[in-house]
Amino acid sequence: MRNILTMAQREIGAYFLSPIAYAVLAVFLFSSGLAFGLGTFSAGSEASMRQVFEFWIVLILLFVLPMLTMRLISDELRSGTIETLMTAPVTEIEVVLGKFLGGMMFFAILLAGTLLYPIILSMYGDIDLMFLTCHYLGLFLLGSLYVAVGLFFSTLTKHQVVAVLASSALLALMTFASHAMANRMEGWLKVLLQQLSVRTHFHDFVRGMVDLNHLVFFVTMTALFLFLSVKLLEMRRWQ
Amino acid sequence: MIQVTNLTKRYSSVLAVDNISFNVERGGVIGFLGPNGAGKTTTIRILACYHPATNGTATVAGYDVFKDSIEVRKRIGYLPESTPLYPEMRVREYLQFRGKLRGMVGNDRKSAIGRVTDRCWLGEFINRPIGQLSKGMKQRVGLADAMLNDPEVLILDEPTIGLDPTQIRETRKLIRELGERHTVLLSSHILHEVEAVCSHAIIIAKGKIVANGSPQELRDKFSSEAKVIAEIKGPENEVEKSIRGLTGVEDVDVASTNGWVRLAVKAKQNCDVREGIFKFTTANGWSLREIRRDGATLEDFFVQVTAQQQQTRSR
């Protein structure tokens, strides 16, 4: 456990020392602010973040989070620091969980930045706090899956650009494409694609419902990608 | 302290380490010597628990590198060849991070960082970002990291590569001192370095151990290959007659240009013919413009050893 925290602490430190993190933070706040300003923040519309959360934030995170996670392990593979890291008394699980936690901490900072919007909304209308909490819970779970997928691709290649593109592509497939395809299918295939679609599971959070089914989906999928990252890292030793 | 038994490592089609065995006792500096691509780094990576072996076993500090990898990693300090570091971190932050990973806490860690920065002359650079340091200083940071938890075994892969001569001398001195309290396994492709630092040397070529002994034993092996080169001004046939008459001379190549006779003398083992050459030259009143020992280089030795190996394989 201590090693996980040590790793996470280093990752957070590394984020704030790299220009990419600031760029990502700026892009995220700018684009989410734009979605809020143009979409939600107008006279007569409801005082909730539903519109922004339903589509825009998910789309933005789909591009932004892989940029955050791309360097996590990829950079260690490229610079060779993986050798000093993996010859220290730490296990692959600790490394992966530590890196994941580091990524999640930065993601939490991104999310904290968006709290500004409901604060602004509350000045002009009544905000349902439970509703908002539900939104943020959904977004947090979605983000953890995105970070886990990004981490997996970062373990797969030492080329960070490849890691970003591959993560964004898979996330787009999991989030939007499977949902769109499900609508065109019939029978069991439709159900399968729907159940595999991130959007299906995220949608209820946006509608203000916390369903155990959706919680289990996000937790198991996140765990699956973390598990694959650990296995991938273990496999690297045999090469 | 280190026991290697029938260790083999194969990378897809390449046999990097071919069934090697050796033992290293506690204490002292052990040199792991070989030309580039001989299998040094592969062996070292197996001992440092970075790569598993294809076959065979290795134990370090009493633990198996594969089965008890974490226990081994707690007891070793490892400096990889390229000294990979995080450029964005400051030296102090990096050492703190590495100390924490090794389970060092509070004052222990603090005093250990103080100790290694002193020993590696890093005191004034402790707050510098690693990315701004020179190659030599980075090497010292890597060495400081390896020494941080006062490990029983230090494994250093080419620790002086890329350093300037002053730094090389300082680093060698440090390694010799470390050898008094720790078991140090260091790899190098420079014979001179191993002679200067190590109490024991293992020579590896093409994945096999070709020699294993103290530097003195190695030196004897090399010096038997050495030739003495001399250039003398005198009648060629008389010079040749005199040199062939010297005791200990095994073979001579004679060549003459512009009245100077150039001799390349191969002497018997433990025989120095230089004094004899000087004596007959002065006795005959000839001039001598050069006399030197043309030591066989490590490269020569390896060419010879690997050629021998290939011959035995093709038989």
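The values are calculated or read from the model by the stated rules, or taken from the named source; none is laboratory data. Note that the structure is a prediction, hence the values are computed from the model and not measured. Glycine also receives a Cβ, built like all others from the backbone with ideal geometry; neighbour counts cover every protein chain displayed. Heavy atoms of the whole protein, side chains included, go into the accessibility calculation; ligands, DNA and RNA do not. Shrake-Rupley method; radii C 1.70, N 1.55, O 1.52, S 1.80 Å.
Order of A:96-102, A:119-125 by packing, highest average Cβ count within 10 Å first?
Packing proxy ranking, top to bottom: A:96-102, A:119-125.
Pop the C-beta distance of residue B:166 and residue B:110 into the FRET formula with R0 = 41 Å and round what comes out to the nearest 0.05.
Plugging the Cβ-Cβ distance into 1/(1 + (r/R0)^6) gives 0.85.
Taking the Cβ of residue A:178 as the centre, find all other residues whose Cβ is under 13 Å away and add up their charges (Lys, Arg: +1; Asp, Glu: -1).
Computed value for this residue: +3.
On alpha carbon coordinates alone, what is the Rg over Rh value for segment A:150-203, Rh being the Kirkwood radius?
That ratio is 1.12, to two decimals.
5 Å is the cut-off here: which amide hydrogens, built 1.01 Å from N in the peptide plane, fall below it relative to residue B:77, excluding neighbours closer than 5 in sequence?
B:153, B:154, B:155
Using the heavy atoms of the protein chains and a 1.4 angstrom probe, tell me the accessible area per residue for segment B:226-294 in square angstrom.
Spelled out: the 1.4 Å probe surface of segment B:226-294, per residue, equals 60 Å².
Mind checking the mean number of beta-carbon atoms from other chains within 10 Å of the Cβ atoms in B:144-150?
Average per residue, whole number: 1.
Between B and A, buried accessible area summed over both sides at probe 1.4 Å, in Å² to the nearest 100?
2600
Please average, across the residues of B:63-71, the number of beta carbons from any other chain that are within 10 Å of each residue's own beta carbon, and give a whole number.
Mean shielding count: 1.
Which percent of the Cα-Cα distances in segment B:226-294 go past 15 Å?
42
To two decimal places, what compactness ratio does segment B:29-143 give when its Cα radius of gyration is scaled by 2.2 N^0.38 Å?
Dividing the Cα radius of gyration by 2.2 N^0.38 Å gives 1.19.
Rounded to whole Å and ordered largest first, report the semi-axes of the equivalent ellipsoid of chain A derived from its Cα gyration tensor (root of 5λ).
Rounded to whole Å, the semi-axes are 32, 22, 15.
Looking at segment B:48-194, send over the antiparallel percent of its DSSP beta bridges, to the nearest 5.
Counting DSSP beta bridges with both partners in segment B:48-194, the antiparallel share is about 25 percent.
Can you work out ³J(HN,Hα) from phi for every residue in segment A:56-62, in order, using Karplus 6.51 cos²θ - 1.76 cosθ + 1.60 and θ = phi - 60°, giving whole Hz and x for Gly and Pro?
Rounded to whole hertz, the list is 4, 4, 4, 5, 5, 5, 4.
Enumerate the calculated ³J(HN,Hα) couplings along segment B:62-73 in order (Karplus 6.51 cos²θ - 1.76 cosθ + 1.60, θ = phi - 60°), each rounded to whole Hz, writing x wherever the residue is Gly or Pro.
x, 10, 6, 5, 9, 6, 10, 3, 5, 4, 5, 5
Would you calculate, for the protein assembly as shown, the mean residue ellipticity at 222 nm contributed by helices, counting each DSSP H stretch of 4 or more residues as -39,500 (n - 2.57) and dividing by all residues, to the nearest 500?
Mean residue ellipticity, 222 nm, calculated: -17500 deg cm²/dmol.
Could you name the lysines in cross-link range of residue B:138, using Cα to Cα under 24 Å and dropping any fewer than eight places away on the same chain?
Within the straight-line limit of under 24 Å, residue B:138 reaches these lysines: A:158, B:40, B:74, B:100, B:110, B:173.
Which residues' amide hydrogens lie under 5 Å from the amide hydrogen of residue B:82, considering only partners 5 or more residues apart or on another chain, with H built in the peptide plane?
The answer is none.
Given the peptides B:242-253, A:6-17, arrange them by the average over their residues of other C-beta atoms within 10 Å, most packed first.
Put in order of decreasing packing, that is A:6-17, B:242-253.
Starting from the Cα of residue A:46, step 7 Å toward the Cβ, then list every residue of segment A:120-155 with an amide N under 14 Å from that point.
Output list for this probe position: A:126-135.
Within 10 Å of each Cβ of B:84-91, how many other protein chain Cβ atoms are there on average?
5
In the P(r) worked out for the protein assembly as shown, what percent of Cα pairs fall beyond 39 Å?
47
Per-residue counts of other Cβ atoms within 10 Å, averaged by peptide: what ranking do you get for B:186-193, A:145-152, highest first?
For the peptides B:186-193, A:145-152, the packing ranking is A:145-152, B:186-193.
Just to check, using Stokes-Einstein with a Kirkwood Rh over alpha carbon pairs, what's the diffusion coefficient of segment A:1-111 at 25 °C and 0.890 mPa s in µm²/s?
D, rounded to a whole number, is 157 µm²/s.
Take the solvent-accessible surface of the protein heavy atoms, probe 1.4 Å, and return the percent of it on the protein assembly as shown that carbon and sulfur atoms account for.
57
Specify, per residue and in Å³, the volume enclosed by the convex hull of the alpha carbon atoms belonging to chain B.
Convex hull of Cα atoms, per residue: 175 Å³.
Give the angle, between 0 and 90 degrees and rounded to the nearest 10, that separates the Cα long axis of helix A:92-114 from the longest principal axis of the Cα atoms of chain A.
30
Put simply, what bits of segment A:1-29 lose 50 Å² or more of accessible area when the other protein chains are there, versus the chain on its own (1.4 Å probe)?
With the partner chains in place, segment A:1-29 has these residues losing at least 50 Å²: A:2, A:6, A:10, A:17.
Write down the accessible area per residue of segment B:2-222 in Å², having rolled a 1.4 Å probe over the full set of protein chains.
41
Mind listing the long-range amide H neighbours of residue B:208? Cut-off is under 5 Å, sequence gap 5 or more, other chains count too, H placed in the peptide plane at 1.01 Å from N.
Under 5 Å from the amide H of residue B:208 lie the amide H atoms of B:18, each far enough along the sequence or on another chain.
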